[in-house]
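In what follows, a structure is listed as structure tokens, so that the remarks can point back to it.
The values are calculated or read from the model by the stated rules, or taken from the named source; none is laboratory data. Since the model is a prediction, treat every value here as computed from it, not as a measurement. No Cβ is skipped: glycine too gets one built from the backbone with ideal geometry, and neighbour counts run over all protein chains shown. For accessibility, only protein heavy atoms count, side chains too; no ligands or nucleic acids. Shrake-Rupley method; radii C 1.70, N 1.55, O 1.52, S 1.80 Å.
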Amino acid sequence: MIYDCYAMYLCEWCRTRDQKLRCATIFRNFLIENRLMVTHHAVILFVLVPVSQKLRGELGDFFVGCIFTAELSTPFVSLGRVLIQLKQQHTLLYKVNGFLTLSTFLFCRILLFPFMYWSYGQHKGLSLLRVPFNIPLHCNVANAILISPQLYWFSLLCKKAARLFDTAKAKKDG
């Protein structure tokens, strides 16, 4: 989480370095423009991780590990931002990275949740549809809170991918 925030700040610093702004100004602008993302990372790091570690005790290592697999999509998201800053959106690398971003995001951040419920169901002899009714309410609430932003971000990625291919198709047709 710290690395993600630092990398985002470095991107902002590189983007604005030609403007000869003071570091404090760049940092303030970064926090203002990225307040939702910085808040997201801070809440995960300083609230969710400590609380989940304290509350769960020795339980749930499998599920915590599953949640960490969500980060497998991060290098592709980061590479996409770097390629945009380098104005390389027209390259094959950008398109391949976009496909990998969508794929890893789908599998590691969206389908991860049904997989965890399915795995629990297999372990307890329950069907996937019965699992939510056989686990504590706070687990369902936590999963809903965790998947909600993933669904939103995935929809944004899909819209961006659709625009990329619409633009490519329009250039090809025109």
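Residue check: is Ser78 assigned to a helix (DSSP H, G or I), surrounded by 17 or more Cβ atoms within 10 Å (Cβ to Cβ) and modelled with pLDDT under 90?
The answer is yes for Ser78.
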Original post:
In the range 76-119, which residues are in contact (Cβ under 8 Å) with a residue 12 or more places away in the chain and of a type in the set (Gly, Ala, Ser)?
Top reply: Ser78, Gly80, Gly98, Ser119
Subject >> Selected residue (criterion: farthest from His123 (Cα to Cα)) from residues of the range 56-72 that are open to solvent by less than 60 Å² (accessible area, probe 1.4 Å) and in a helix (DSSP H, G or I) >> reply: Ala70
Subject >> Residues located in the range 87-138, provided they are open to solvent by 30 Å² or more (accessible area, probe 1.4 Å), closer than 20 Å to Arg56 by Cβ, of a type in the set (A, V, I, L, M) and within 18 Å of the chain's Cα centre (by Cα) >> reply: none
**OP:** Output the number of the condition that Phe46 fails; it satisfies all remaining conditions of (1) farther than 19 Å from Ser148 by Cβ; (2) in contact with a Phe, Trp or Tyr (Cβ under 9 Å, 6 or more places away or on another chain); (3) not charged (D, E, K, R).
**Re:** (2)
**OP:** Could you grab me the full set of residues in the range 38-55 that are surrounded by 13 or more Cβ atoms within 10 Å (Cβ to Cβ) and among the aliphatic types (A, V, I, L, M)?
**Re:** Val38, Ala42, Ile44, Leu45, Leu48, Val49
**OP:** Can you run down the residue pairs with Cβ atoms below 6 Å, 6 or more apart or on separate chains, where the first is in the range 1-29 and open to solvent by 90 Å² or more (accessible area, probe 1.4 Å) and assigned to a helix (DSSP H, G or I) and the partner is of a type in the set (Val, Ile, Thr) and at pLDDT 80 or above?
**Re:** Trp13/Ile26
